[in-house]
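Have a look at the structure below before the remarks.
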Amino acid sequence: MNRTLIRGASIVSMDDAVGELPAGDILIEDDRIVAVAPRIAAGAAEIVNATDMIAIPGLVNTHIHTWEVALRGIGADGASARDYFGTMHANLTHRFEAEDNRVANLYGALAAIDGGTTTILDWCHNLRNGEMADAAIDGLEASGIRAVFGHGTAKTMYEKAGDGRSYTEIGQPRGEVRRLRTGRLASDEARVTMALAILGPDWSTWETTESDVRLAREYGLIHSAHTFGRAGKRMTPDGMWRLAKAGLLGPDHNVVHGNCLPEDELKMIVEAGCSVSATCMAEMLNCDEPALLGRWERQGGLPSIGTDVDPYFCASMLAEMRRCFLHQRELDMREAAAARRYPPAAHMTTTRSALRWATVGGARALRMERRIGSLTPGKQADLVLIRAGDLNLFPSLPGGDPVHTVVMSAEAANVDSVMVAGRFLKRHGRLQCPEATLHRLREALLGVRQRVMARGGYSYRPAAAADRHAPGA
């Protein structure tokens with residue numbers, strides 16, 4: 001039995017029964033937390049000195065396309081989401097091969113770990129065959145991260161498939177789902193598990209949507225779908241209502257985005273027990289409606305958050321958490337002002353709200369709340385230590401709020417240690433893999449980028465700025 005004692009940390013457990021400890025210890029045996037208390041006898045445990053550090057649960061990113069890490073730095077100035085679809089799904093998505101997926105997923109997962117993320121839902125929607133899926137899973141497994149592999153399919157977008165069908169008519173490949181679910185991804189207790197990244201009613205016909213959801217139910221899988229809810233823009237406008245009527249809507253369905261959902265439909269979805277993955281930064285770039293955070297909470301739900309697309313910005317959950325908090329706080333202020341109760345006596349959205357979205361909310365969305373999401377005895381030892389003594393954080397402690405410090409100020413550079421299932425994947429500020437390996441991986445990822453862009457005939461051109469004063473601008 002391996003025993004580790006994290007000593008003297010400022011502990012933010014995100015468990016009401018455990019609470020927050022200004023200074024406390026966390027005892028870990030093998031892959032589980034066994035005790036959290038002000039002082040724990042070390043015994044034969046390895047001691048980790050966490051003085052001047054903040055301990056939080058590992059961050060949970062419920063929506064990321066990890067393979068897109070190879071295409072960083074090309075998307076934020078696009079005129080609309082159509083530019084993203086044209087560049088990605090009508091071109092570069094289809095230029096990846098199996099080894100490209102392995103390299104990109106390994107690098108993207110390591111980047112997530114470096115920033116304090118211990119769990120991701122990898123929404124892998126560039127898959128054309130089983131070899132690509134296996135390679136993507138290989139990358140996740142090699143990184144050490146906890147991951148839900150969301151099996152998706154590459155969209156043909158502006159052309160028909162070989163048999164003349166639109167991508168909206170092509171559902172999940174039953175044989176491939178069966179192969180993975182009865183093979184390497186059979187266990188829901190493993191470090192890498194499985195979900196289906198489906199098109200859903202916004203992006204597919206009713207027949208395809210129903211078939212995909214029934215397939216997910218057959219194999220006991222979460223099914224996650226991009227759902228904006230824009231009237232007049234949905235492939236199956238009443239698809240969510242039809243799923244509910246058919247008994248196919250429940251806690252196993254994950255709504256991604258959902259910004260434009262009308263209130264009655266939103267209420268129905270929350271009451272059905274579905275989860276939401278709000279990706280605030282991506283949505284602020286491309287959607288005219290706010291992220292589904294406060295609206296979801298007002299209906300009684302708990303949001304989760306994700307980073308979405310690396311071409312726009314690096315997949316930092318610390319940055320995403322901060323932006324989600326600020327975005328919802330701004331909306332709260334505007335609502336208070338409109339109701340003539342500004343300034344409010346108390347805030348509806350706090351820094352603890354944001355950390356809850358990024359931990360407990362993520363765990364619940366992935367149906368892992370009994371395993372991760374809080375520093376609770378009996379749960380998996382997924383945790384992060386943040387150095388409060390660093391230049392950009394000092395002197396926030398003692399006497400300050402550790403949650404405020406994490407949400408408003410912490411960066412990846414402040415992450416001292418990251419543990420997944422009792423194993424340190426980052427320690428003393430460095431990923432636990434040799435520099436030579438990281439160097440080779442960077443070279444391999446650059447090769448992926450160059451090959452994919454060459455295959456697609458892609459070259460970056462800066463977007464022209466619109467005239468703010470021109471008609472229609």
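The values are calculated or read from the model by the stated rules, or taken from the named source; none is laboratory data. In this text the structure is predicted, and so the values were computed from the model without any measurement. Glycine also receives a Cβ, built like all others from the backbone with ideal geometry; neighbour counts cover every protein chain displayed. The protein model used for the area step is the full one, side chains on, heavy atoms only, and it has no ligands, DNA or RNA in it. Shrake-Rupley method; radii C 1.70, N 1.55, O 1.52, S 1.80 Å.
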May I ask you to list the residues of the stretch 220-259 whose amide nitrogen lies under 18 Å from a point 7 Å from Cα along the Cα→beta-carbon direction of Arg82?
230-235
Enumerate cysteines in the chain without a disulfide-compatible partner, where compatibility requires another Cys Cβ under 4.7 angstrom.
Cys124, Cys260, Cys274, Cys287, Cys314, Cys433
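Do any trypsin sites (Lys or Arg not before Pro) in the stretch 301-342 lie in a loop, going by DSSP, with at most 10 other beta-carbon atoms within 10 Å of their beta carbon, and if so which?
Values: sites: Arg322, Arg323, Arg329, Arg334, Arg340, Arg341; in loops: Arg340, Arg341.
Within the stretch 301-342, the qualifying trypsin sites (Lys or Arg not before Pro) (loop, at most 10 other Cβ atoms within 10 Å) are Arg340, Arg341.
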Based on Cβ point charges of +1 for Lys and Arg and -1 for Asp and Glu, what charge dipole magnitude is obtained for the stretch 54-211 about its Cα centre, in debye rounded to the nearest 20?
140
Enter the accessible area of Phe228 (Å², nearest 10), with the probe set to 1.4 Å and all protein chains included.
60
Portion, in percent, of the accessible area of the stretch 1-47 that falls on carbon or sulfur, probe 1.4 Å
50
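Suppose R0 equals 35 Å; then what is the FRET efficiency for Glu330 and Ala23 from their Cβ-Cβ distance, rounded to the nearest 0.05? Before the final figure, lay out the partial values.
Details: r = 35 Å, r/R0 = 0.99.
Efficiency computed from Cβ-Cβ geometry: 0.50.
Stretched out fully, how many nm does the piece from Leu438 to Asn129 gain, at 0.36 nm a residue minus the Cα gap? Don't skip to the end; give the middle numbers.
Details: separation 309, 0.36 × 309 = 111.24 nm, distance 2.79 nm.
Here the answer is 108.4 nm.
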Mind checking the full-extension length gain between Arg427 and Glu289? Use 0.36 nm per residue of separation minus the Cα-Cα distance, one decimal, nm.
45.7 nm
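What FRET efficiency comes out for the pair Ala186/Arg3, r = Cβ-Cβ distance, R0 = 22 Å, nearest 0.05? Show your work: numbers first, answer last.
Details: r = 30 Å, r/R0 = 1.38.
Plugging the Cβ-Cβ distance into 1/(1 + (r/R0)^6) gives 0.10.
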Give the cross-link partners of Lys426 among the lysines, using a straight C-alpha distance below 21 Å as the criterion and excluding same-chain residues fewer than 8 apart.
Lys379
In whole Hz, with x marking every Gly and Pro, tabulate ³J(HN,Hα) for the stretch 125-132 from phi via Karplus 6.51 cos²θ - 1.76 cosθ + 1.60, θ = phi - 60°.
10, 10, 7, 10, 7, x, 4, 5
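How about the stretch 142-225: which chymotrypsin sites (Phe, Trp or Tyr not before Pro) there are in a DSSP loop, with at most 12 other Cβ atoms within 10 Å of their Cβ?
Numbers: sites: Phe149, Tyr158, Tyr167, Trp203, Trp206, Tyr219; in loops: Tyr158, Trp203, Tyr219.
Those that pass, being in a loop and sparsely packed, are Tyr158.
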Rounded to whole Hz and in sequence order, give me ³J(HN,Hα) for the stretch 54-64 from the Karplus expression 6.51 cos²θ - 1.76 cosθ + 1.60, θ = phi - 60°, writing x for Gly and Pro.
10, 9, 10, x, x, 6, 10, 9, 8, 7, 8
Plugging the Cβ-Cβ distance of Arg298 and Asn49 into 1/(1 + (r/R0)^6) at R0 = 60 Å yields, to the nearest 0.05, a FRET efficiency of 0.90
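Give me the extension gain from Tyr219 to Lys233: residue separation times 0.36 nm, minus the current Cα-Cα distance, reported in nm with one decimal. If you can, show how the numbers build up before the last one.
On the way: separation 14, 0.36 × 14 = 5.04 nm, distance 3.05 nm.
Full extension of this stretch gives 2.0 nm more.
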The set of residues whose placed amide H lies less than 5 Å from the amide H of Ile47, leaving out same-chain residues fewer than 5 positions away, is Leu5
Whole-Hz ³J(HN,Hα) from phi, Karplus 6.51 cos²θ - 1.76 cosθ + 1.60, for the stretch 344-349, glycine and proline x:
x, 5, 8, 8, 6, 10
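Antiparallel as a % of all DSSP beta bridges within the chain, to the nearest 5?
Values: 27 of 63 bridges.
Percentage antiparallel, nearest 5: 45.
Treat every Asp and Glu Cβ in the stretch 140-241 as -1 and every Lys and Arg Cβ as +1, leave all other atoms uncharged, and give the resulting dipole magnitude about the Cα centre to the nearest 20 debye.
Values: 15 positive and 13 negative charges, 35 e Å.
So the dipole magnitude of the stretch 140-241 works out to roughly 160 debye.
Please compute the per residue accessible area over the chain with all protein chains in place, 1.4 Å probe, rounded to a whole number of Å². Write down the numbers at each step before the final one.
On the way: 19580 Å² over 473 residues.
In whole numbers, the chain has 41 Å² accessible per residue.
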Roll a 1.4 angstrom probe over the protein heavy atoms and tell me the percent of accessible area of the stretch 326-382 that is carbon or sulfur.
52
